[in-house]
Amino acid sequence: MAQARGKVTIDTEECKGCGVCVDACPPKCLELLPGLNPYGVHPARYTGMNCSGCGICFYVCPEPGAITVYRLIAPKVAQPPMEGSHAATL
Amino acid sequence: MDEYQVIESKSPVFYDKYERKAELQHQTHYCPGCGHGVVHKLIAEAIADMGVQDRTILVTPVGCSVFAYYYFDMGNVQAAHGRAPAVATAVKRSNPESIVIGYQGDGDLAAIGTAEIVHAANRGEKITIFFVNNAIYGMTGGQLAPTTLVGQFSTTSPWGRRPSNEGYPLRMAELLATLEAPVYIERVALCDNKNIMKARKAVRKALELQRDGAGFSFIEILSPCPTIWKMTPQEARKWIEEKMLAVFPLGVFRDRKLAPMADGVPQTTVTKLLGLDKPLEVVTRPMAVKDSQPDLTVKIAGFGGQGVLLLGQILAEMGMREGREVSWLPSYGPEMRSGSAHCHVCLSKERVGSPVIEHPDVLIAMNEPSLHKFSKMVEAHGTILYNNHKLPAGLPPCEAKIYCVPASEIADGLGTTKATNMVMLGALLELTHTLPRETALALLKAKVRNVKLLDVDCQAIDAGMACLRKQLGSSTDAHAHDGELAPCS
Ligand SMILES: Cc1ncc(C[n+]2csc(CCOP(=O)(O)OP(=O)(O)O)c2C)c(N)n1
Ligand code: SF4
Ligand code: SF4
Ligand code: SF4
């Protein structure tokens, strides 16, 4: 299977399990965990498949640091940045 | 192995840890799915990208976002309910280089703070207001807000909002767009990703305009409050789209070119205004008051604008310089001019018991009504100084001695009737000898910055002294000045 263009990590301690990111993700690659986090909510997580690195989940999530979005560094063909992303630095 | 780079992550404008509670230092206090967090993120991103974090000051409201200062690592001021635009005005005017943001909910901005927002907008204050409209009072548990929709339930509209009882929803963006001064007004919504991106642009535009020196900018953000709306976060977003947009249409309501107003307001500092930039005169308090100097109580009465209260203040301050216990009790009407005003001054060797004087030693009556009204109150051994050449007809007999000192005329002769009170001060000094003339001159020198006026004031004091000296005649040998008076200035 081809390497996904993007990936996300979700801080399960910061996530409040509102599910907004799950709904908003276009390729539906996020889900709420069946288990509860220490604060009693089902936190979101990346299924590990098909993330495009679009950044939508980051902008719809109300928590400042719950979601971090990564994008594959393509050595030859540079990805045109979509509207809604900005040049964050590592 | 393919490599990834971070493209979206927590903004450096947020603190790493939020110091609000022992636990939960890594998440905000907002309910799951609340729009406030999204707005915070958009603001933080714009500030970081513009590189203005170290000169941005956030004025937070009362409401669910009251604790925003726990999250934003920049200047923070927390304003009283509804007063963020007034506080932001002060912050911006005193720090013109800062980026000043007011953050307000709809209860805060459109109910208790209606006056502040309208006037800040109308003055074209160079601030940016982010107005988070969730159509309800969130923090206090769901009371009706001015922005609550018709038919919407709240704890204070349990049958749904009825225009006949609660009026119609207030459209703040449209309302403010009727004003001349604002440069940018837009309404956006947090109902889906596309609209969040529009909100992101609007937030950034407003802040950039402020950075570039433009005037008032206002972004209204329709924001979900799932908790009070009793909806899931997803339903709440849908509700914005289906219900709120019909009442609060999105769009730009004002987009003006830069600098619509010439900025003619001179800038100064509080330190300069109070004259604290110059070295302060150090006044040392004399150790003890000479016993020979009697206590003195004075009532000064006249029209507002005759310097009645100021004369009292000067007397009290002179007393302080002479090491006395003093009190000054003003009483005046709401009018600045032509109402009546009076004040009581006590100069005492002991602590002053009450600043109210029932029977003054001296009454300074700056006009006829005051003479009629207060002459009876004066102590039997007391004195009245009356601002005229002769007593009015029909004055009831009184035991106090009355001297006529035409202070207004004397002052007018010196060039300004403003010095009337200083003529009276001179007369009082001559009469009582409780306080030395030199103390009056030193005090005036410290207080009156206008050299010409200071000169007139000094002349007025001397003229008042001379006027009374003439009337006291030979009987005043005991008080007579030995030798020449020192020059005024
Ligand atoms: C002077 C004053 N009056 C009333 C209150 C109570 N109070 C606290 S928050 C609030 C309403 C806030 O509603 P809104 O501005 O819509 O903000 P939200 O909580 O919805 O974000 C009120 C009335 C107060 N704190 N101070
Ligand atoms: S970055 Fe885009 S594709 Fe990836 S999880 Fe977030 S919303 Fe889904
Ligand atoms: S939007 Fe944020 S808080 Fe809500 S479930 Fe997703 S990661 Fe968690
Ligand atoms: S009550 Fe509403 S506005 Fe307040 S934090 Fe909860 S969801 Fe947000």
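The values are calculated or read from the model by the stated rules, or taken from the named source; none is laboratory data. Source: prediction; values computed, not measured. Positions of Cβ are generated from backbone atoms using ideal geometry, with glycine treated the same way; all protein chains shown enter the neighbour counts. Note: areas computed on protein heavy atoms with side chains; ligands, DNA, RNA excluded. Shrake-Rupley method; radii C 1.70, N 1.55, O 1.52, S 1.80 Å.
Would you work out what percent of the accessible area of chain B, with all protein chains in place, is carbon or sulfur (probe 1.4 Å)?
It is 55 percent, rounded to a whole number.
List, by residue number, every residue in region B:36-64 with a reduction of 40 Å² or greater in accessible area between the chain on its own and the complete protein assembly, 1.4 Å probe.
Listed in order, they are B:Lys41.
Can you list the aspartates and glutamates whose alpha carbon is less than 14 Å from that of B:Lys349, not counting same-chain residues fewer than 8 positions off?
B:Asp291, B:Asp295, B:Glu322, B:Glu325
Against the longest principal axis of chain B, how steep is helix B:420-432, in degrees 0 to 90 to the nearest 10, with axes from Cα atoms?
50
Name the residues of region B:1-30 whose accessible area falls by at least 40 Å² when all protein chains are present instead of the chain alone, probe 1.4 Å?
Buried by 40 Å² or more upon assembly, which counts only protein chains, are B:Asp2, B:Glu3, B:Tyr4, B:Gln5, B:Val6, B:Ile7, B:Glu8, B:Ser9, B:Lys10, B:His26, B:Gln27, B:Thr28.
Using a basic spin-label model with each label point 7 Å from the Cα along Cα→Cβ, how many nm lie between B:Lys230 and B:Phe67?
According to this spin-label approximation, the distance is 2.6 nm.
Compute the relative contact order of chain B as a whole-number percentage, counting only Cα pairs closer than 8 Å that sit 6 or more residues apart in sequence.
With pairs under 8 Å counted, the relative contact order is 9 percent.
Chains B and A: how much accessible area gets covered up at their contact, both sides added, probe 1.4 Å, in Å² to the nearest hundred?
Counting protein atoms only, the buried area is about 3500 Å².
To the nearest 0.05, what FRET efficiency results for B:Glu241 and B:Asp54 with a Förster distance of 41 Å applied to their C-beta separation?
0.60
Keeping every protein chain present and rolling a 1.4 Å probe, give me the accessible area per residue for region A:6-72 in Å².
On a per-residue basis, 37 Å².
Counting only heavy atoms of protein chains, what accessible area per residue, in Å², does chain B have with a probe of 1.4 Å?
47
With a ≥ b ≥ c taken as the square roots of the eigenvalues of the C-alpha gyration tensor of region B:2-94, please select rounded if a/c is under 1.5 and otherwise prolate if a/b is larger than b/c or oblate if it is not?
Oblate is the answer for region B:2-94, as a/c is 1.5 or above yet b/c matches or exceeds a/b.
Over region B:287-482, what is the relative contact order in whole percent, taking alpha-carbon pairs under 8 Å and six or more residues apart?
18
Report, in listed order, any pair from B:Lys21/B:Lys238; A:Lys16/B:Lys41; B:Lys373/B:Lys452; B:Lys205/B:Lys243; B:Lys21/B:Lys198; B:Lys92/B:Lys272 with a Cα-Cα distance greater than 25 Å.
In this structure, B:Lys21/B:Lys238; B:Lys373/B:Lys452; B:Lys205/B:Lys243; B:Lys21/B:Lys198 exceed 25 Å between Cα atoms.
List the residues of region A:1-50 that lose 50 Å² or more of accessible area once all protein chains are present, compared with their chain alone (1.4 Å probe, heavy atoms only, no ligands or nucleic acids).
The answer is A:Gln3, A:Lys16, A:Cys18, A:Val20, A:Tyr39 - residues whose exposure falls by at least 50 Å² when every protein chain is included.
So what is the orientation-averaged projected area of the protein assembly as shown, using the convex hull of its C-alpha atoms, in nm²?
38.8
Would you rank B:Thr156, A:Thr68 by solvent-accessible area, highest first, keeping every protein chain in place and using a 1.4 Å probe?
Solvent-accessible surface, decreasing: B:Thr156, A:Thr68.
What shape does region B:287-482 have by the C-alpha gyration tensor, where a ≥ b ≥ c are the square roots of the eigenvalues, rounded means a/c under 1.5, and otherwise prolate means a/b greater than b/c and oblate the rest?
The shape class here is rounded.
Along its principal axes, what span do the Cα atoms of chain B show, with the longest given first and each in whole Å?
110, 58, 48
What Kirkwood Rh does region B:36-255 have if only Cα atoms enter the pairwise 1/r average? Answer in Å.
By the Kirkwood definition, the hydrodynamic radius is 17.1 Å.
Calculate how many DSSP beta bridges within chain B are antiparallel, expressed in % of all such bridges and rounded to the nearest 5.
That works out to approximately 35 percent antiparallel.
Return the ratio Rg/(2.2 N^0.38 Å) for region B:187-258, where Rg is computed over Cα atoms only.
1.25
With a 1.4 Å probe and all protein chains left in place, how much of the accessible area of region A:6-72 comes from carbon and sulfur atoms, in whole percent?
It is 57 percent, rounded to a whole number.
Looking at the protein assembly as shown only, what percent of DSSP beta bridges run antiparallel? Nearest 5 please.
Percentage antiparallel, nearest 5: 45.
Could you work out how far helix B:35-50 tilts from the main Cα principal axis of chain B, as a 0 to 90 degree angle to the nearest 10?
80
For B:Lys447, go through the aspartates and glutamates and keep the ones whose alpha-carbon is under 12 Å away, minus same-chain ones fewer than eight residues off.
Cα-Cα hits under 12 Å: B:Glu281, B:Glu317, B:Asp457.
Taking a ≥ b ≥ c as the square roots of the Cα gyration tensor eigenvalues, with a/c under 1.5 meaning rounded and otherwise prolate when a/b beats b/c, else oblate, which class fits region B:389-479?
oblate
Rank these residues by their accessible area, most exposed first, probe 1.4 Å: B:Ser370, B:Ser94, B:Ser164.
Listed by decreasing accessible area, they come as B:Ser164, B:Ser94, B:Ser370.
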